[in-house]
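The values are calculated or read from the model by the stated rules, or taken from the named source; none is laboratory data. Not measured: the values here are computed from a predicted model. We place every Cβ from the backbone using ideal geometry, glycine too, and count neighbours over all the protein chains shown. Accessible surface areas use protein heavy atoms only, side chains included; no ligands, DNA or RNA. Shrake-Rupley method; radii C 1.70, N 1.55, O 1.52, S 1.80 Å.
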Amino acid sequence: MYLSIVKNNKHVRNYLLATASSNLGNVMTGMALLFLAYDLTASNAHTTGIAIAQVVPYLLFGLFGGVLADWITKIKWLIRIDLVRSPLLIGLVLLDFTNQLAYYHLIIVSVLIHLCGCLYNPAHRAIIPLITKETERAAINSLVDTVTRGMTVLGPVFSIIFMNTIGVIHFFTLDAISYVLSALFLSFIPLKEEQKGKKQFHIFPAVREFAVWLRSHQTIRSLFELTAFIVFFNTWVWQVGLLLMLQETTKNAEAWYSLITGCFGIIVIIVNLIIPYIFKQFSLRTYIISSFIWGIGILFLGWLSEIPLIFLGIIWIAVGVPLSGLSRIYLLQKYIPSDKLGRGFSFNAFLLYFSNLISLGFFGILSYLMPVSTIFILCGACMVIISGIYVFLELRK
């Protein structure tokens with residue numbers, strides 16, 4: 001199935017190559033900014049500042065990116081953003097070469113790179129319905145997610161090799177090249193559907209127009225509501241809590257954490273590739289059930305926090321996460337009109353980042369008041385209960 005689609009659809013082929021190039025650049029840029037921030041300052045607070053600088057643009061400007069994605073010609077827009085990101089990174093390399101690189105340069109470039117990202121991502125996802133048939137969409141979304149996660153797994157591998165050879169600063173050189181390659185592959189995708197006359201578009205009325213549409217569409221509204229809850233209860237326990245729990249229960253927690261997250265990434269990629277053979281289409285019920293499975297995995301980790309059993313919980317989560325992600329993307333592509341699809345994806349991204357931020361703050365404070373395993377049980381139980389409520393409401397329909 002996958003080979004047939006990639007072989008017969010050259011637009012999909014170039015889109016996947018562009019996605020791989022761009023995402024490898026994103027992963028390595030993120031790591032290089034954190035590494036250099038710590039090298040320059042030896043400060044945990046300054047290193048955290050880089051992480052915050054990567055989130056803030058999505059919260060402030062993420063919705064605007066969706067408006068622009070619905071307004072402009074998407075391929076040209078993506079190519080221009082890739083060609084803007086490349087010289088920004090080369091600028092950091094030149095500053096380092098002349099011994100002028102400072103921490104504030106990293107903050108500025110981090111903000112600009114992720115501002116480009118929040119303008120890039122909605123248009124990037126909105127292209128898929130324009131280059132595929134609906135019957136192919138589940139498989140293509142799976143391939144895109146697999147490529148994205150594959151680059152997330154490969155990025156750290158490349159970083160170890162490059163740190164011991166060309167040095168961290170030249171992560172940026174390679175990233176700049178990857179963005180140019182992405183632009184090149186995108187230039188091979190001419191979309192006739194994109195050739196539209198310019199609209200007299202205003203950002204805030206366009207956001208308000210999408211909000212009015214969203215209030216009237218129950219399926220997408222329920223999708224966003226459940227997404228906000230699930231991400232809120234998952235983010236802290238997965239990004240921070242898992243490492244803290246391993247530190248409480250094992251020796252060499254960092255090594256176990258790396259092994260567990262690496263295994264998780266591999267399992268997710270495998271599940272991603274299997275899902276389209278089972279599901280040709282997705283529904284809101286599929287999304288709810290996947291969230292229920294995901295919650296059971298989190299609950300399992302809290303109850304049985306020994307290493308062999310942790311891997312069983314990871315398998316549960318690695319089934320729920322990709323099924324949830326593919327279901328959500330499919331539903332957005334299916335139900336949101338093409339002239340609002342960019343805003344749909346940007347609102348989805350805004351919601352994810354906002355829930356991430358609230359989760360990290362709330363449960364970070366709560367972790368001083370109760371054991372990490374208890375927080376896992378609390379979050380997993382809430383995910384299961386909320387998903388169960390939505391399942392009940394769907395069955396009543």
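Considering only residues of region 354-367 that are more than 13 Å from Phe229 (Cα to Cα) and open to solvent by less than 70 Å² (accessible area, probe 1.4 Å), which is nearest to the chain's Cα centre (by Cα)?
Leu360
For every residue, the table says whether it meets (1) under 17 Å from the mean Cα position of the chain (by Cα); (2) surrounded by fewer than 21 Cβ atoms within 10 Å (Cβ to Cβ); (3) free of Cβ contacts under 8 Å to residues at least 12 places away in the same chain.
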residue	(1), (2), (3)
Phe279	no, yes, no
Arg343	yes, no, no
Phe347	yes, no, no
Leu369	no, yes, yes
Thr374	no, yes, no
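Could you list all residues from region 32-54 that are open to solvent by less than 60 Å² (accessible area, probe 1.4 Å), free of Cβ contacts under 8 Å to residues at least 60 places away in the same chain and closer than 17 Å to Leu360 by Cα?
Thr47, Gly49, Ala51
Is it the case that Thr29 is farther than 23 Å from Val207 by Cβ, surrounded by fewer than 21 Cβ atoms within 10 Å (Cβ to Cβ) and touching a residue at least 24 places away in the same chain (Cβ under 8 Å)?
no
Kindly state which helices (runs of 4 or more DSSP H) lie completely within region 55-141 and contain at least 1 residues that are of a type outside the set (D, E, K, R) and surrounded by fewer than 16 Cβ atoms within 10 Å (Cβ to Cβ).
So the answer is 74-97, 103-126.
Going by the conditions given, is Arg285 at pLDDT 90 or above, surrounded by fewer than 14 Cβ atoms within 10 Å (Cβ to Cβ) and not in a loop (DSSP other than H, G, I, E, B)?
No: the conditions fail for Arg285.
Which of (1) modelled with pLDDT of 90 or more; (2) surrounded by fewer than 17 Cβ atoms within 10 Å (Cβ to Cβ); (3) farther than 23 Å from Arg125 by Cα is the odd one out, the single condition Trp294 does not satisfy?
Tallying (1) modelled with pLDDT of 90 or more; (2) surrounded by fewer than 17 Cβ atoms within 10 Å (Cβ to Cβ); (3) farther than 23 Å from Arg125 by Cα, Trp294 fails exactly one: (2).
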